[in-house]
Amino acid sequence: MIGANSFGFTDTRAFDADAFVVQIPAGLTSADALLQILFERARLPGYFGFNWDALSDCLRDLHWVACRQVVLWHADVPRLSREELRTYFDVLAECVASWAPGDAHSLKVVFPSAARPQLADLD
C-alpha cells in the first residue's frame, strides 16, 4: 500500500503541541489547488515552483520552519486523477522517509481513518 509506513490515519488531532500543523482542507479537486494550499499554509518559500518536484524539494528542506515536527493534516484525500494522486502520495512518502531521527525536522502526513482503503486501492 502506498504510504503504509509513511502516513498516519486518525480522526483526532494527536500531534505534539509545538508541531507546525498544515491543514489541507477537504474538497480539493486539482493539483493546482492542492499546490496553492500547500504553498500558502506550509509557508513554502517564494521560489516554490508549483509542481511535484518543487514540492519534494521543499518538503525535504523545511529550513523556514522553526518547529521540529511538521504535520500535513488532510481533511480528506484530494480528488485528483489517479495518476496525480499516486504521484502526490509517492512524493509525500519519499519526503517522510528522507527525514532521519535527529534531523532538524520531521515530517508526518496524516489522513482520516476512512482514507486508508482509498490509498490501498491505488496499488
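Give me the distance between the Cα centres of segment 51-95 and segment 17-34, rounded to whole Å.
Computed from Cα coordinates, the inter-centre distance equals 9 Å.
Using a basic spin-label model with each label point 7 Å from the Cα along Cα→Cβ, how many nm lie between SER81 and ARG60?
Taking the simple label geometry, SER81 and ARG60 are separated by 2.5 nm.
Go ahead and set up a Gaussian network model of the chain, Cα springs under 10 Å, then flag whichever of SER106, SER81, SER56 fluctuates most.
Among SER106, SER81, SER56, the largest GNM mean-square fluctuation belongs to SER81.
Considering only protein heavy atoms and a probe of 1.4 Å, how much of the accessible area of the chain is carbon and sulfur, as a whole percent? Could you put the intermediate results ahead of the total?
Numbers: 3000 of 6240 Å².
Reported share for carbon and sulfur atoms: 48 percent.
Which part of segment 2-44 falls in the paramagnetic zone of ASP121, meaning amide N under 15 Å from the point 7 Å along Cα-to-beta-carbon?
Counting backbone N atoms under 15 Å from the label point, the list is 2.
Per 5 Å bin, what is the whole-percent P(r) computed from every C-alpha pair distance within the chain?
The percentages, shortest bin first, are 2, 11, 23, 27, 23, 12, 3, 0.
With every protein chain present, what is the per residue accessible area of segment 14-108 (1.4 Å probe, Å²)?
50
With only Lys, Arg, Asp and Glu charged, each at its Cβ (+1 for the first two, -1 for the last two), find how big the charge dipole of the chain is about the Cα centre; round to the nearest 20 debye. Before the final figure, lay out each step's value.
Numbers: 10 positive and 16 negative charges, 54 e Å.
The calculated dipole for the chain is roughly 260 debye.
The values are calculated or read from the model by the stated rules, or taken from the named source; none is laboratory data. Remember, predicted model here, so these are calculated numbers, not experimental data. In this analysis, Cβ positions are derived from the backbone assuming ideal geometry, glycine residues included, and neighbour counts consider all displayed protein chains. All accessible areas refer to the heavy atoms of the entire protein, side chains included, with ligands and DNA or RNA removed. Shrake-Rupley method; radii C 1.70, N 1.55, O 1.52, S 1.80 Å.
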